[in-house]
Amino acid sequence: MGVTDVDDLLFPAEARTRAIARELYTHARNLPLISPHGHVDPGILAEDAPFPDPARLIIVPDHYVTRMLLSQGVTPDRLGVPRVDGGPVETDPRAIWRTFAQHWHLFRGTPSRLWLEQTFKTVFDIETPFGPLTADRVYDELAARLEQPEYRPRALFGKFNLEVLATTESPLDDLSRHAKLAADGWGGPGGRVITTFRPDDLVDMDWPDWAARVVRLGEITGLDTSTYDGYLAALRQRRLDFIAAGATCSDHGHPTAATGELAPVDAQALFERVLRDGLAVTPDGTPVTSGPAATPAEAEAFRAHMLMQFARMSLDDGLVMQLHPGSSRNHNAALFRTHGRDVGGDIPVATEYTNALRPLLDEFGHDPRFRVVVYTLDEYTFTRELAPLAGGYPAMFVGAPWWFLDAPEALRRWREGVTETAGFYNTAGFVDDTRAYCSIPVRHDVARRVDAGFLARLVAEHRLGLDEAAETIADLAYHLPKKIFRVGQS
């Protein structure tokens, strides 16, 4: 495809800079996709079954969509989102689709609209513009595509030009889906689909049933997790199990970026007391429900302590640490009560990094064996804290904007805020961080277009040569994430 065949989506409005962006984009457009962090269900690819109807593929699991409609009074029940109590919700996929189409105007100017329109066009080859009057036609066209073998998950993996896709699992996951992928030649070290070690549900003492999950960890590993040393040994073992399934990274979604080490005797005492209290029962066997076994301060201290322990484990096993702080989980309490976690009820909060990360970086920031990629939902920290930190410690890289910041405008602001202090090569490339499998190529394309526009401006201002800009956009799109996240290595 020539430069003149590239459409101008998201490119600068000024003609000369736009022309440069078109040319730079061609150096990244067809590079393979590296997706080192995301939440796609690995069973989709392990089973390779046809996707369900359009509503269950596009609308029901997409909390970007459902939360926007909820803000205008359209409840998740009407969109088919399952209830935690098993109560009735809309099950007619065409009714769900029509409800969504009737509210399509709510998405004007949002990344959700951009992603969906591009998904219809570039993934499913549907040219019909979507809207209330065309809803049924688009539904029928999409349903027809989903019946064709070339639109099944593994076939789309090839169409997307995906080289590596990382999913994210708890240490309690049996990794059976990844075992099937490995048996089929798709998974394992150096595989196309790999896992990521996400231990939050075993670290966060505030999380309901934490103690029961610690017991389950012991059952899975055959180790005694009633002791603190046994708990750490079990987590080390599971990390090795994940590495055998292809993992190159761990991921930590803590409320804050706090790091810091408790004295070993204090960590042991806190762990064993909270575990004991969490498993307490009355004489007749009824669980004691007197409230959380750990105070908020204790839970925060233990999370901070465990980040230090996981960093130390990384020195031995090589997993790249990813830190995703800054979300107030389940802020929408009513939504959480009715529909549970991960359905759009989380809200970003201001997050401090300079002091919070100091213990971690003091201990490990110059160790060549250690690598940490830090993300934020608080974009004001890009310039003030994250870029200077990444520019000062060899082990730290700035992660791409994610979740609420995964939008063209925020991506542009991120490049502007980070590059002047950290440069391009202390950033980690783009991560799509999505559960929506079919949106992956679209999200990466948006990031590549934004980077083309940013680099084009530097070229137009005579701050960067065109040849260097071409090399840089290829690095940002492909070479950097592959290197930093250590993916594609057996």
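Please verify whether Ala212 is under 24 Å from Leu279 (Cα atoms) and open to solvent by less than 20 Å² (accessible area, probe 1.4 Å), treating the condition exactly as stated. No. Where helices (runs of 4 or more DSSP H) fall wholly inside region 1-82, the ranges with 2 or more residues that are closer than 23 Å to Arg94 by Cβ and not aromatic (Phe, Trp, Tyr) are 63-71. Looking across region 139-159 at every residue that is among the small types (Gly, Ala, Ser) and within 28 Å of the chain's Cα centre (by Cα), the one that is farthest from Asp92 (Cα to Cα) is identified as Gly158.
Total residues in region 363-398 satisfying the condition of being over 20 Å from the mean Cα position of the chain (by Cα) and open to solvent by less than 30 Å² (accessible area, probe 1.4 Å): the figure is 8. Taken together, Pro88, Pro93 contain a single residue that is over 24 Å from the mean Cα position of the chain (by Cα) and exposed (fewer than 14 other Cβ atoms within 10 Å of the Cβ), which is Pro88. From the list Arg67, Arg78, Arg113, the lone residue that is surrounded by fewer than 22 Cβ atoms within 10 Å (Cβ to Cβ) and touching a residue at least 40 places away in the same chain (Cβ under 8 Å) is Arg67.
Phe336 meets the conditions (1) open to solvent by 30 Å² or more (accessible area, probe 1.4 Å); (2) of a type in the set (Phe, Trp, Tyr); (3) assigned to a loop (DSSP other than H, G, I, E, B) in every case but one. The failed one is (3). Restricting region 458-490 to residues that are assigned to a loop (DSSP other than H, G, I, E, B) and free of Cβ contacts under 8 Å to residues at least 24 places away in the same chain leaves a set whose member that is nearest to Ala428 (Cα to Cα) is Leu464. Output yes when any residue across region 233-243 is under 29 Å from Phe160 (Cα atoms), surrounded by 23 or more Cβ atoms within 10 Å (Cβ to Cβ) and either touching a residue at least 12 places away in the same chain (Cβ under 8 Å) or among the polar types (S, T, N, Q) (or both), and no when none is. Yes, region 233-243 contains a residue that is under 29 Å from Phe160 (Cα atoms), surrounded by 23 or more Cβ atoms within 10 Å (Cβ to Cβ) and either touching a residue at least 12 places away in the same chain (Cβ under 8 Å) or among the polar types (S, T, N, Q) (or both).
The residues of region 447-487 that are of a type in the set (Lys, Arg), more than 21 Å from Ile194 (Cβ to Cβ) and either open to solvent by less than 20 Å² (accessible area, probe 1.4 Å) or within 24 Å of the chain's Cα centre (by Cα) (or both), listed by number, are Arg448, Arg449. Only residues that are over 13 Å from Thr434 (Cβ atoms), open to solvent by 30 Å² or more (accessible area, probe 1.4 Å) and of a type in the set (Val, Ile, Thr) were counted across region 22-59, and they come to 1.
Determine whether Gly365 is free of Cβ contacts under 8 Å to residues at least 40 places away in the same chain and more than 14 Å from Glu416 (Cβ to Cβ). Taking the combined requirement at face value, the residue satisfies it. When Glu409 is tested against the conditions (1) closer than 29 Å to Ser250 by Cβ; (2) open to solvent by 20 Å² or more (accessible area, probe 1.4 Å); (3) free of Cβ contacts under 8 Å to residues at least 40 places away in the same chain, the lone failure is (1). Might you let me know whether region 440-449 holds any residue that is farther than 22 Å from Lys159 by Cβ and either among the aliphatic types (A, V, I, L, M) or outside any loop (DSSP other than H, G, I, E, B) (or both)? The answer is no, given that none of the residues of region 440-449 is farther than 22 Å from Lys159 by Cβ and either among the aliphatic types (A, V, I, L, M) or outside any loop (DSSP other than H, G, I, E, B) (or both). Of all residues in region 417-439, those being in contact with a strand residue (DSSP E or B) (Cβ under 6 Å, 6 or more places away or on another chain) and either surrounded by fewer than 21 Cβ atoms within 10 Å (Cβ to Cβ) or more than 22 Å from Pro388 (Cβ to Cβ) (or both) number 1. If you check Arg137, Arg113 for being part of a helix (DSSP H, G or I) and out of contact with any Ser or Thr (no Cβ under 6 Å at 6 or more places or on another chain), only one passes: Arg113. Within region 414-429, does at least one residue satisfy the condition of being closer than 24 Å to Thr167 by Cα and either modelled with pLDDT under 95 or part of a helix (DSSP H, G or I) (or both)? Yes, the conditions are met somewhere in region 414-429.
A quick yes/no check of all residues on (1) more than 30 Å from Arg29 (Cα to Cα); (2) part of a loop (DSSP other than H, G, I, E, B); (3) of a type outside the set (D, E, K, R); (4) within 18 Å of the chain's Cα centre (by Cα):
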residue: Arg177; (1), (2), (3), (4): yes, no, no, no
residue: Gly191; (1), (2), (3), (4): no, yes, yes, no
residue: Asp201; (1), (2), (3), (4): yes, no, no, yes
residue: Pro208; (1), (2), (3), (4): yes, yes, yes, no
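If you filter region 182-202 down to residues that are of a type in the set (D, E, K, R) and open to solvent by 40 Å² or more (accessible area, probe 1.4 Å), you find that the one that is nearest to Val214 (Cα to Cα) is Arg198.
The values are calculated or read from the model by the stated rules, or taken from the named source; none is laboratory data. None of the values given here were measured: they were computed from a predicted structure. Reconstructed Cβ throughout: ideal geometry from the backbone, glycine too, with neighbour counts over all protein chains shown. Keep in mind that these areas ignore ligands, DNA and RNA; they rest on the heavy atoms of the full protein, side chains included. Shrake-Rupley method; radii C 1.70, N 1.55, O 1.52, S 1.80 Å.
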